[in-house]
Amino acid sequence: MYLGIDIGSTALKAAVFDARRGRLVAQAGHRLALATDATGKREQDPAALLRALRAVAADLRRQAGRRWSKVRGIGFAAQGGSTILVDRNTGTAQTPMYLWNDTRALAHFHRTAAQHPARWWRAFSLRDEPGMGLARAQWLRERQPALFAGNPLCVGAGEFAGFHLTGQWRQDACHALQSGVYDARRNRLTDRSLVELGLRADFAAPLRDGHAIAPLNAAGARLLQLPAGIPVAGPYNDHEAGYLSVRHVSRRPLECSLGTAWVGNFILPPGRAGRSPFQLVIAAPTGRGQQVIMPLLTGNVTWDWALANFVHADHRTALARMTRVFAERIMPAPGLVALPWLNRPNALRPELTGSAAFFGMGPATSGDELLRAVAAGMVFEFARVFAPVAEAGAIDSLVLCGGAARATHFQALFAALFAPLPVTRVIEADLMGARGCLQAFDTPATRAATQPVPATMRLDAAAQSLYQETFDRLYGHVAAGKPYAITREKRA
C-alpha cells in the first residue's frame, strides 16, 4: 500500500491506496485552524500541523487495521508560498506559518518590485514581479531583527513537514518560485534576489531533486506509527501533484483547478515558449518541457460573493437554490456581461480595490440574471486567457477539478466554450494531491478517476464576442489581464 498526504491551506488530507490497482483503502482529514484579522493576517501554528499529521495517521491506521504495516511508500504535497522561520538544525519553528494569502507584507512587496524593472525579475523567474516570500522575509526582519542574527532557515509547509518525516530539508520548485529564489530558466535555486536584499545565500532550503526519495527517520516513524526506513517522496506543490494525478487523461491535458483561485495547469513541451506576467513555471515533473501553473485573476472568491449577494447569505442554502436558477437557463439574458475581477486593483483607478463590473443591465435585470452573468463571465475569462494555448495545439483536453467543477452549469459552459476539445472531470477531486505525490513509486494509485463531461449546450458566439469586446474596452490597457502568449519556438 501507499500513503499520500496533501497539506492544504485549510485542511490536511491523507489517503492509503492499494499498491496493485490503486484503489482507495482509507482516507482521513483534519481541519487546520487559521488565525485571521482585518490587517490581512493569515497564520497557522506549525506545531498544529504536526499534530494534525499524527491525528490523520492514527485515523488511517484504525481504518486500515493490519494492512497499515504494509505501507511501502509515502508521498506528500503541500500548498506553496507559505513562510516559517525555523532552526535549521532542529526544525523548531521560530515564527508562526504565514500563509501565501497573508497580505501584511504587501507594502514591502511593492517596494521590492520597484527596485528593478519587470525584465530583471523575468530574466530568471519568467515572471514580471518578485516572489511574495521575499517581501515577507523583509517584513519579518523589520519586525523581529533578532531572529535573523541566528541564521534561521526560511521554509514552507512542505519543507517543514518533510524535515519532521525524514530529517532532510527539501523544497519543491514552485514553492521556491513563490519565495523568490528559483531560476525557472535553469531549474535551480538562485541567490540573486537574496543578495540584493541583504539576506544570506543559504536562507532557503535545497531544491528537491526530481522524484528523489528519502527514508522515513525515527521521528517520522513515531509520528506516523510506521516502520523507519520507508521511502518518502516530496514535497510536491499541490498544483504539481494535481497535474500528475490527471496526466494519463490525454497526451496534453489542461488541468483546470476551480478553487479559491482558478488555475490552469499544463505542460509546455520542448521547443515551445510562452509567457504571462503571473505564470509560475517549473521543470515539468513528467521529465520533459516546463510545467506552467497559470493563476487567473478570478476564482471562487468571486463566485461565493455572487452566491451570497444574489441567492442567499448562507452558503449551503445558496448552493441548494442555485440549482433552480441554472435549471431554468444557464446563460444570462442577451447583452448582459459580468467582468469577474472582484479582488483586483480598480482598472481605472489602481489606487482603489475592486475591478468587477456588470455591463448591459436594464430595468428587467434580476438577481438570477446577475448570477448567470457571473458564472458565464468566469468561464469566458478562463477561455480568454487559455484560448491561445488551445489554438497552438499545446493542449488536447481539459480536466476539471476543484469545488466549482462539481456544478453542472460550469461543466456545461467549459464543454461548450472549448469544443471540440474533450472535457472530463475528476470524480474524487479531494484525493488528487494525495495520489499525484506518489509519482516516484510508479503505482496505479497515482491516477485519479475521471468521467467525461457531455456537451449539453450550444453557445451563441455573440455572447463570447461581447464579453471580449467589453473586456478590451474596460481592461485592455491592464498588463495583468493579457492572455497567455505562446510561441512556436523557444529562443536560445
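The values are calculated or read from the model by the stated rules, or taken from the named source; none is laboratory data. Because the structure is predicted, anything quoted here is derived from the model rather than measured. Note that we place each Cβ from the backbone using ideal geometry, even for glycine, and neighbour counts take in every protein chain shown. These area figures cover heavy atoms from the full protein model, side chains too; ligands, DNA and RNA do not enter into them. Shrake-Rupley method; radii C 1.70, N 1.55, O 1.52, S 1.80 Å.
Here's the yes/no breakdown for (1) crowded, with 19+ Cβ neighbours inside 10 Å; (2) farther than 30 Å from HIS110 by Cβ; (3) under 27 Å from the mean Cα position of the chain (by Cα); (4) in contact (Cβ under 8 Å) with a residue 40 or more places away in the chain:
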{"position": "LEU336", "(1), (2), (3), (4)": "yes, yes, no, no"}
{"position": "PRO345", "(1), (2), (3), (4)": "no, no, yes, no"}
{"position": "ARG349", "(1), (2), (3), (4)": "no, no, no, no"}
{"position": "PHE358", "(1), (2), (3), (4)": "no, no, no, no"}
{"position": "ALA364", "(1), (2), (3), (4)": "no, yes, no, no"}
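Please work out if ALA415 is without any contact (Cβ under 8 Å) to a residue 60 or more places away in the chain, part of a helix (DSSP H, G or I) and surrounded by fewer than 16 Cβ atoms within 10 Å (Cβ to Cβ).
On the way: without any contact (Cβ under 8 Å) to a residue 60 or more places away in the chain: yes; part of a helix (DSSP H, G or I): yes; surrounded by fewer than 16 Cβ atoms within 10 Å (Cβ to Cβ): no.
So ALA415 fails the test.
In this structure, is ARG192 touching a residue at least 24 places away in the same chain (Cβ under 8 Å), surrounded by fewer than 20 Cβ atoms within 10 Å (Cβ to Cβ) and of a type outside the set (Val, Ile, Thr)?
Details: touching a residue at least 24 places away in the same chain (Cβ under 8 Å): yes; surrounded by fewer than 20 Cβ atoms within 10 Å (Cβ to Cβ): yes; of a type outside the set (Val, Ile, Thr): yes.
Spelling it out, ARG192 is indeed touching a residue at least 24 places away in the same chain (Cβ under 8 Å), surrounded by fewer than 20 Cβ atoms within 10 Å (Cβ to Cβ) and of a type outside the set (Val, Ile, Thr).
Among the residues of segment 37-50, is any of a type in the set (Ser, Thr, Tyr), in contact with a Lys or Arg (Cβ under 9 Å, 6 or more places away or on another chain) and in a strand (DSSP E or B)?
Going residue by residue through segment 37-50, those that are of a type in the set (Ser, Thr, Tyr) are 39.
From what's left, in contact with a Lys or Arg (Cβ under 9 Å, 6 or more places away or on another chain): 39.
Remaining after also requiring in a strand (DSSP E or B): none.
No, segment 37-50 contains no residue that is of a type in the set (Ser, Thr, Tyr), in contact with a Lys or Arg (Cβ under 9 Å, 6 or more places away or on another chain) and in a strand (DSSP E or B).
Taking segment 235-293 as the region of interest, how many residues are among the acidic types (Asp, Glu) and farther than 20 Å from LEU413 by Cβ?
So in segment 235-293, the residues among the acidic types (Asp, Glu) come out as 238, 240, 255.
Cutting the leftovers down to farther than 20 Å from LEU413 by Cβ gives us 238, 240.
Summing the residues that are among the acidic types (Asp, Glu) and farther than 20 Å from LEU413 by Cβ in segment 235-293 gives 2.
Taking the options GLY433, GLY403, name whichever one is small (Gly, Ala, Ser), surrounded by fewer than 23 Cβ atoms within 10 Å (Cβ to Cβ), within 27 Å of PRO235 (Cβ to Cβ) and under 17 Å from the mean Cα position of the chain (by Cα).
Values: GLY433 fails: surrounded by fewer than 23 Cβ atoms within 10 Å (Cβ to Cβ).
After applying the criteria, what remains is GLY403.
Test ARG67 against the criterion of being modelled with pLDDT of 95 or more and open to solvent by 50 Å² or more (accessible area, probe 1.4 Å), and give yes or no.
On the way: modelled with pLDDT of 95 or more: no; open to solvent by 50 Å² or more (accessible area, probe 1.4 Å): yes.
Answer is no for this residue.
Any idea how many residues of segment 127-138 are part of a helix (DSSP H, G or I) and open to solvent by 20 Å² or more (accessible area, probe 1.4 Å)?
Looking only at segment 127-138, we keep the residues that are part of a helix (DSSP H, G or I), and these are 132-138.
Subset that is open to solvent by 20 Å² or more (accessible area, probe 1.4 Å): 132, 138.
Of the residues in that region, 2 qualify.
Residues that are under 24 Å from the mean Cα position of the chain (by Cα): find the strands (runs of 3 or more DSSP E) completely inside segment 158-264 holding 2 or more of those.
Working: elements: 213-215, 231-237, 253-258.
Filter on segment 158-264 gives 231-237, 253-258.
Kindly indicate the residue of segment 97-126 that is in contact with a Lys or Arg (Cβ under 9 Å, 6 or more places away or on another chain) and part of a loop (DSSP other than H, G, I, E, B) and also most open to solvent (accessible area, probe 1.4 Å) among those meeting that condition.
TRP100
Which of (1) closer than 12 Å to PHE160 by Cβ; (2) open to solvent by 60 Å² or more (accessible area, probe 1.4 Å) does ARG61 not meet, given it meets every other one?
Condition not satisfied by ARG61: (1).
Can you report the number of residues in segment 427-457 which are touching a helix residue (DSSP H, G or I) at 6+ places or on another chain (Cβ under 6 Å) and either outside any helix (DSSP H, G or I) or without any contact (Cβ under 8 Å) to a residue 24 or more places away in the chain (or both)?
So the count comes out to 7.
What's the number of the condition ASP396 fails, among (1) modelled with pLDDT of 95 or more; (2) open to solvent by less than 20 Å² (accessible area, probe 1.4 Å)?
(2)
Given the options PRO332, PRO231, PRO270, name the one that is closer than 27 Å to ALA11 by Cα and not aromatic (Phe, Trp, Tyr). Lay out the reasoning, then the answer.
Values: PRO332 fails: closer than 27 Å to ALA11 by Cα; PRO270 fails: closer than 27 Å to ALA11 by Cα.
Answer to the check: PRO231.
Across segment 27-85, which residue is farthest from GLN138 (Cα to Cα) among those that are in contact (Cβ under 8 Å) with a residue 60 or more places away in the chain and charged (D, E, K, R)?
Checked segment 27-85; the qualifying residue farthest from GLN138 (Cα to Cα) is ARG67.
State whether one or more residues within segment 418-429 are out of contact with any strand residue (DSSP E or B) (no Cβ under 6 Å at 6 or more places or on another chain) and buried (at least 20 other Cβ atoms within 10 Å of the Cβ).
no
Would a scan of segment 372-380 turn up a residue that is modelled with pLDDT of 95 or more, of a type outside the set (D, E, K, R) and not in a helix (DSSP H, G or I)? Break it down stepwise before answering.
Step one: of segment 372-380, the residues modelled with pLDDT of 95 or more are 372-380.
Applying the additional criterion that residues be of a type outside the set (D, E, K, R) yields 373-380.
Filter again for not in a helix (DSSP H, G or I), leaving none.
Checked against the condition, which is being modelled with pLDDT of 95 or more, of a type outside the set (D, E, K, R) and not in a helix (DSSP H, G or I), segment 372-380 yields no hits at all.
Would you please list the contacts, defined by Cβ atoms under 9 Å and residues six or more apart or on different chains, that run from a residue in segment 240-268 that is within 17 Å of ASP172 (Cβ to Cβ) to a residue that is of a type in the set (Asp, Glu) and in a loop (DSSP other than H, G, I, E, B)?
Qualifying pairs under 9 Å: GLU240/ASP172.
Considering each residue of segment 146-157, count those that are surrounded by fewer than 13 Cβ atoms within 10 Å (Cβ to Cβ) and either at pLDDT 95 or above or assigned to a loop (DSSP other than H, G, I, E, B) (or both), and give that number. Outline the logic, then answer.
Going through segment 146-157, the residues surrounded by fewer than 13 Cβ atoms within 10 Å (Cβ to Cβ) turn out to be 146, 149-151.
So of that shortlist, the ones also either at pLDDT 95 or above or assigned to a loop (DSSP other than H, G, I, E, B) (or both) come out as 150-151.
The total comes to 2.
Please determine, by comparing only the residues of segment 456-479 that are surrounded by fewer than 16 Cβ atoms within 10 Å (Cβ to Cβ) and of a type in the set (Gly, Ala, Ser), which one is nearest to the chain's Cα centre (by Cα).
Checking each candidate, the answer is ALA479.
With the structure loaded, tell me whether GLY362 is assigned to a loop (DSSP other than H, G, I, E, B) and within 26 Å of LEU244 (Cβ to Cβ) or whether it fails that test.
On the way: assigned to a loop (DSSP other than H, G, I, E, B): yes; within 26 Å of LEU244 (Cβ to Cβ): no.
The answer is no for GLY362.
Only one of (1) polar (S, T, N, Q); (2) touching a residue at least 60 places away in the same chain (Cβ under 8 Å); (3) open to solvent by 20 Å² or more (accessible area, probe 1.4 Å) fails for THR323. Which number is that?
The single condition THR323 does not satisfy is (2).
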